[in-house]
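Participant: Sharing a structure, written as structure tokens. Questions coming.
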């Protein structure tokens with residue numbers, strides 16, 4: 001049936017309208033596509049060209065050479081040495097097991113390292129190199145190179161690795177480096193991309209850790225051409241990075257080695273400081289350890305032996321160790337009382353062997369007492385009762401104030417791990433830390449360096465240097481950074497009356513040079529180098545009334561951990577102080593019998609710069625000293641073979 005003409009005209013108009021709408025939409029869409037293509041091809045051409053280039057050329061980091069560490073004379077303490085290693089690319093090797101078998105016939109491979117490498121190889125992309133053997137000898141590298149056709153995928157490589165030529169001598173100061181761990185990265189808010197380079201080494205403890213930013217240097221870059229899957233095809237160019245800064249320390253390698261050797265097998269620490277500049281010439285902690293073990297990857301058994309040793313070889317006792325200073329603190333108490341005018345040098349105190357304070361008896365080390373003692377004789381013979389009496393008059397606040405002026409209770413800014421603050425306690429300190437009031441017995445204990453008073457060997461050496469000079473001598477460990485001299489630690493005047501300091505120095509001279517002095521047996525005979533010192537013995541256990549009644553048990557009859565600490569501080573020469581020394585021997589017994597001889601020998605070694613003549617020692621000691629010097633000569637390294645490196 002034919003449709004009416006009117007219906008046909010209406011249908012044609014509708015189709016034409018729809019066609020126009022669809023055509024318009026299509027045209028608009030095409031216009032948008034054209035505009036977008038123009039935008040991408042013209043306006044963003046440079047950006048897409050860069051993206052295409054980056055898909056072909058990668059920028060990679062080059063690890064810089066780590067800064068090296070030297071002693072004050074330029075002898076290298078921590079350096080970089082070529083480290084040879086063997087790497088393997090799995091896809092180039094083909095039959096990995098067969099290649100490993102042939103490689104094992106040429107080079108001795110550690111089973112533990114090999115298993116670790118094979119596990120890493122399975123996790124990694126087949127074109128990435130994996131280290132099979134590290135720190136390989138040059139002879140092995142040569143053997144592998146000659147047999148290269150039979151070892152597909154195996155490549156000898158060379159890099160730089162840290163080494164410590166003097167081993168244990170500086171271990172507790174310089175520390176060591178090791179590969180970056182996830183824990184290391186977690187401690188850094190915005191880690192340097194260098195730290196993500198596989199096997200990159202950073203400082204873990206000691207100077208290596210504290211000066212990490214200076215020692216690390218700046219990364220270099222290289223441009224390499226890669227294919228679609230990221231495999232390196234060739235190196236296009238490179239820009240070397242900036243090596244780390246070289247550090248020169250104030251330490252003297254020969255003196256450091258002597259001090260470390262002289263401490264022997266004791267659990268002990270010793271510090272030698274230059275009275276004029278504050279330079280630390282030696283800082284020994286015994287026993288020590290070989291830091292090279294950590295760089296190479298310390299074994300479980302070696303690490304366990306270090307951590308389970310009751311002498312704590314991993315601790316830097318010279319700065320971390322805190323000890324009751326014992327009688328070496330008596331100079332602080334005396335100076336506080338003299339400065340406040342509560343005593344005079346000539347005033348005497350009666351010592352019957354004890355002092356009754358608040359219904360408690362505080363004993364002197366000499367059971368029968370010292371009788372009438374003044375400032376000089378009290379220090380010379382180390383009378384405790386004199387200082388009990390003086391402390392009650394001057395009070396703990398003035399004693400603690402003087403302790404801080406002399407360097408105790410201060411954390412020094414030297415680049416070592418966990419430098420301890422020590423403690424010069426006050427009433428407020430006890431209340432805030434223990435929630436209890438200060439009692440009079442606390443003051444009595446503090447007067448002789450017991451109770452809450454704590455000091456490190458470094459602080460005791462600083463105290464001695466400040467008494468010797470009257471200046472605020474500050475310890476300095478860094479001599480220069482990349483040749484730039486660091487500030488001196490000479491210090492300004494302490495503001496203590498020089499006449500009072502002279503009285504203390506004279507009393508310390510009596511300790512070492514008067515027949516009744518507690519350190520007379522460890523004196524220096526040479527008039528030019530006579531020293532002033534003070535012995536100290538600090539208790540680590542409580543002596544009960546019952547034990548005193550039957551007789552105090554001798555140190556040598558007690559277990560090692562219950563024996564007293566032995567301490568000695570000194571400066572020399574007396575008339576023109578050059579060096580101050582402190583020695584602490586953990587559970588060593590008496591300061592006069594154990595610590596004083598060590599400190600005297602160290603002082604003479606510093607003064608002479610070499611083994612002192614036997615005439616500098618008391619006649620009774622000369623045979624023993626000669627035997628000691630001969631033994632240490634045999635044990636010391638040949639510094640000439642280690643060599644000097646220009647800083």
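Participant: Given the Cα-Cα distance of residue 27 and residue 624 and 0.36 nm per residue of separation, how much length would full extension add, in nm? Walk me through the numbers before you get to the answer.
Facilitator: Working: separation 597, 0.36 × 597 = 214.92 nm, distance 10.79 nm.
Full extension of this stretch gives 204.1 nm more.
Participant: Same structure again: Calculate how many DSSP beta bridges within the chain are antiparallel, expressed in % of all such bridges and rounded to the nearest 5.
Facilitator: Numbers: 77 of 80 bridges.
Antiparallel bridges make up about 95 percent of those DSSP assigns within the chain.
Participant: Which three extents, in whole angstrom, do the alpha-carbon atoms of the range 267-395 cover along their principal axes, largest first?
Facilitator: Taking max minus min along each principal axis of the Cα atoms, the range 267-395 gives 63, 40, 23 Å.
Participant: How many angstrom lie between the C-alpha centres of the range 496-514 and the range 176-206?
Facilitator: Cα centres, the range 496-514 to the range 176-206: 51 Å.
Participant: What full-extension length gain, to one decimal in nm, is calculated for residue 309 and residue 608 as 0.36 nm per residue of separation minus the Cα-Cα distance?
Facilitator: Values: separation 299, 0.36 × 299 = 107.64 nm, distance 3.51 nm.
Length gained between residue 309 and residue 608: 104.1 nm.
Participant: What percentage of all Cα-Cα pairs in the range 91-148 are separated by more than 18 Å?
Facilitator: 33
Participant: Angle, helix 596-608 long axis vs. longest principal axis of the chain, Cα atoms, 0 to 90°, nearest 10?
Facilitator: With both axes taken from Cα atoms, the answer is about 70 degrees.
Participant: Round to the nearest 10 and give me the degree value, 0 to 90, for the angle of helix 5-38's Cα axis relative to the longest principal axis of the chain.
Facilitator: 40
Participant: Quick check: the angle from helix 384-394's long axis to the longest principal axis of the chain, C-alpha only, nearest 10 degrees?
Facilitator: With both axes taken from Cα atoms, the answer is about 70 degrees.
Participant: If we count other beta carbons within 10 Å of each Cβ, what is the order of 365, 350, fewest first? Before the final figure, lay out each step's value.
Facilitator: Details: 365 19, 350 13.
Ordered from fewest to most neighbouring Cβ atoms within 10 Å, 365, 350 come out as 350, 365.
Participant: If we count other beta carbons within 10 Å of each Cβ, what is the order of 212, 610, fewest first? List each step's numbers first, then the result.
Facilitator: On the way: 212 18, 610 11.
Listing 212, 610 from fewest to most nearby Cβ atoms yields 610, 212.
Participant: When all alpha-carbon pairs of the range 378-447 are counted, what percent fall beyond 19 Å? Please report the intermediate quantities before stating the final value.
Facilitator: Details: 1079 of 2415 pairs.
I get 45 percent for the Cα pairs in the range 378-447 exceeding 19 Å.
Participant: Now for a separate question. Could I have the simple spin-label model distance between residue 95 and residue 110, label points 7 Å from Cα toward Cβ, reported in nm to one decimal?
Facilitator: 2.9
Participant: What is the mean projected area of the alpha carbon convex hull for the range 419-488, to one decimal in square nanometres? Before the final figure, lay out each step's value.
Facilitator: Values: hull surface 26.7 nm².
Over every viewing direction, the Cα hull of the range 419-488 projects on average to 6.7 nm².
Participant: Right, another one. Looking at the range 382-520, what % of the alpha carbon pairs are farther apart than 27 Å? Write down the numbers at each step before the final one.
Facilitator: Working: 2907 of 9591 pairs.
Of all Cα-Cα pairs in the range 382-520, 30 percent lie more than 27 Å apart.
Participant: Cα extents of the range 557-647 along the three principal axes, largest first, in whole Å?
Facilitator: Cα spread of the range 557-647 along its principal axes, largest to smallest: 49, 34, 33 Å.
Participant: Hey, for a label at residue 137 modelled as a point 7 Å past Cα toward Cβ, could you say which residues of the range 81-112 have their backbone N under 13 Å away?
Facilitator: 106-109
Participant: For the range 166-292, report the translational diffusion coefficient in µm²/s to the nearest whole number, using Stokes-Einstein at 10 °C, 1.306 mPa s, and a Kirkwood Rh over Cα pairs. Before the final figure, lay out the partial values.
Facilitator: Details: Rh = 17.6 Å.
Here the translational diffusion coefficient equals 90 µm²/s.
Participant: With just the Cα atoms defining each centre, how far is the range 97-160 from the range 401-438? Give it in Å.
Facilitator: Centre-to-centre (Cα) distance: 55 Å.
Participant: Here is a follow-up. What is the fewest-to-most order of 328, 333 by other Cβ atoms lying within 10 Å of their Cβ? Display every interim value, and only then the final one.
Facilitator: Values: 328 30, 333 24.
Starting with the residue having the fewest Cβ neighbours, the order is 333, 328.
Participant: Find the eigenvalues of the gyration tensor of the Cα atoms of the chain, then list the square roots of 5 times those eigenvalues as equivalent ellipsoid semi-axes, largest first, in whole angstrom. If you can, show how the numbers build up before the last one.
Facilitator: Details: eigenvalues 967, 230, 103 Å².
They are 70, 34, 23 Å, listed from largest to smallest.
Participant: Whole angstrom only: what separates the Cα centroid of the range 343-379 from the Cα centroid of the range 571-634?
Facilitator: 31
We did not get these values from a lab; they are worked out from the coordinates using the rules stated. Keep in mind that this is a model prediction, so the values were computed, not measured. For neighbour counting, all protein chains shown are included, and Cβ atoms are generated from backbone atoms with ideal geometry for every residue, glycine included.
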